[in-house]
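The values are calculated or read from the model by the stated rules, or taken from the named source; none is laboratory data. What you see is a predicted model, and the numbers here were worked out from it, not measured in a lab. Because the Cβ atoms are built from the backbone with ideal geometry, glycine has one as well, and the counts that use them run over all protein chains shown. These accessible areas exclude ligands, DNA and RNA; they are computed on the full protein's heavy atoms, side chains included. Shrake-Rupley method; radii C 1.70, N 1.55, O 1.52, S 1.80 Å.
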Amino acid sequence: MNRVLNNPGPTAPLSDVLATAVVAGATWRELARRRRLLSLGLLLMIPVLMLLAVRIWAPQDAPPNVVLPLLARYVYIMFLLPITAMAVGAPAISEPIAEGTLVYFWTRPIRRHALYLGRIVAAAIVSCGLVLLSQTAVFMVMLAGWPDQALSLDLMRLHAETTVVTLLGTVAYTALFGAFGAGLKKPMVAAILFAFGWEATVTKIPQRIQEWTLQFHLGNLVHWPEADSRDVPGLIENLLNLALQREPVPAWESVVSLLVVSLVATVAGVLLLRGRQLDKQG
Amino acid sequence: MIGTAPARLEALEVGKWFGEVVAVGSCSLEVGGGVVGLLGQNGAGKTTLFKLLAGLITPSRGEVRLDGQPLRDHVALYRRVGFCPESDALPGWFTGREFLSMLIRLAGVERARVKPRVDELLERFELTDAANRRLGGYSKGMRQKLKLAQALAHDPDVLFMDEPLNGMDPVSRHQAIGAIRQLGEEGRTVLVSSHILPEVEEMTRRIILIHRSKVLAEGDVTEIRDLIPEYPTVVSLRCPQPRELASFLVRQNNVMGVECDDGKVVVRTEHALAFYRDLPQWLLDSGQAVEEINTLDDDLESVFAYLTDE
């Protein structure tokens, strides 16, 4: 008797690592094709435009070693990183749940943590890729606008450090919003409230309670030039530190805090997804 | 993947409720080898029962076992399970080829065998031309075929097919029915749900009737069929030339009335089984292509009323 389909040969469940890699590879392609990525890419060009504006109108007053930390703290950390993670991290997990396409993965012999890890890793790669592109474009503008300074070891190191901090922040926010996507019905609303409610408010509360935010630790890691009260940014920074009693913590403490948040959020996301039931369309 | 003995699926007093709402009351059944039709009206609890049987939701009570082992969370057992969901949702940014490749690989098929298997599936389900198109652009019929293809991709011996013929054109419907019947003959355990009795009757004689979240009856389809023909049915046919099709159908036996409505022909027949039997030939004779068939009323309603004495 003819079979409906031929036998595809022997099958054996994939290891968790391989299953994660297969899901990540497929999710990466899926996320990279979304139209919202183009809008996000354009949004991430804002620092480049700001740097261009500085180069055109105030090249002497605001040298790159001052502008770079300002961009990192007030543009990337406060706005762009949370927005990038919101647009990529949360939907990477929440959309298959909301649309019901999760069923295709759940009826395959893979563990649910491999599915979660694959999708969140892909989301982190896409988010970091976008931020890295933006940081590279910033460096190119610095190179073209301030060629002497841009090639100095100090500025290159500052740029490298800033890039690493923004990537670390991207990973932390993506992991956190991914967990929101696994556990909440409206993860975007929760992410907006977190990024622009909790983070924005708590970082302005004096004393150590500020340390309960990602923004604080990311800002803490940005290498800040010695504040010179004779120039405007230095004066503003001194005033802010005075007003908010913003005491820096050791860099390692911030790095550990960010890594712990990323790890805890990922574990929470895995557990939340494992507990999920496909009870919506029924 | 088919072993010597058919896979045995058992539901032991399985129930599911969400708060106060009972989605599936206590349900026990045992199936092993061949096609079993799960019949019930829309909202009867078929989809929830399917998800319970496939281990996709945790039962509030009872247990589902595949060859004596609990299915839920037993990852290795999913090598033997294929699931075709009722929902049309597919990840729209994948192409058909990518989607199948990923799922076949995740099912544990060797990497070198993935591409030939994808090619075979695409050809078998007549999706080769659309293989590199994104799923977001697939028609309902194409989606249905892809859902069937992914369920069969890894050669499972237990298949759950939730309303697999929804949205298919008559030719694809006919082919799918033949394929499902053959899957049962190959020794696989196939559960197919539907709310259209004639559809199920073409696939199998063994049916389970679900009504208001409970298993109402199990048995041979002929016993149920005998209760049907005296009841009228309204069927909607979507096609490019509804007026031409309507003028052809109105001349046929068993057709009591025909209306055209928004690209559809709505046909009223008093002999549902005869209508479904004759329809493919009528379409061939009229030269009309039908993209989608839907039953507007429910021919099972009267059967359930009879069985429940309402």
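Numerical summary
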read-out	value
Charge dipole (debye, nearest 20) of chain B; +1 at Cβ of Lys and Arg, -1 at Cβ of Asp and Glu	1340
Accessible-area value, residue B:214, 1.4 Å probe, nucleic acids and ligands omitted, Å²	130
Within the stretch B:127-201, trypsin sites (Lys or Arg not before Pro) in DSSP loop having at most 11 other beta-carbon neighbours inside 10 Å	none
Selected from A:209, B:272, A:177, residue furthest toward positive end of dipole (the protein assembly as shown; charges at beta carbon)	A:209
The stretch A:159-216 - convex hull of alpha carbons, volume per residue in Å³	84
For chain B: rounded, prolate or oblate by the Cα gyration tensor [a/c cutoff 1.5]	oblate
Cβ charges +1 (Lys, Arg) and -1 (Asp, Glu), total dipole of the stretch B:1-115, debye	480
Distance violations [Cα-Cα > 32 Å] among B:115/B:214; B:147/B:214; A:186/B:51; B:46/B:145; B:46/B:115; A:185/B:264	B:115/B:214; B:46/B:115; A:185/B:264
Shielding by partners, peptide B:77-85 (average Cβ within 10 angstrom, other chains)	4
Antiparallel %, DSSP beta bridges [both residues in chain B], to 5	65
DSSP bridge pairs, the stretch B:151-267: antiparallel proportion in percent, nearest 5	75
Share of carbon and sulfur in the accessible heavy-atom surface of the protein assembly as shown [1.4 Å probe, %]	58
Residue-normalised accessible area of the stretch B:130-191, expressed per residue, 1.4 Å probe, Å²	26
Net charge dipole size for chain A [Lys, Arg +1 and Asp, Glu -1 on Cβ; Debye, nearest 20]	1480
Relative contact order %, chain B, counting alpha carbon pairs below 8 Å whose residues are six or more apart	21
Shape category assigned to the stretch A:88-136 from the gyration tensor of Cα positions, a/c cut at 1.5	prolate
Cα shape, the stretch B:240-297, gyration tensor, a/c 1.5 rule	rounded
DSSP beta bridges in the protein assembly as shown [antiparallel fraction, %, rounded to 5]	65
With all protein chains modelled, accessible area of residue B:256 [1.4 Å, Å²]	100
Cα centroid separation - the stretch B:130-187 against the stretch A:95-160, whole Å	37
Cα point-scatterer Debye curve for the protein assembly as shown, base-10 log of I(q)/I(0) at q = 0.06, 0.09 Å⁻¹	-0.42, -0.79
Spread of Cα-to-Cα distances over 5 Å intervals beginning at zero, given as percent, for chain A	1, 5, 11, 15, 16, 14, 12, 9, 6, 4, 3, 2, 1, 1, 0, 0, 0, 0
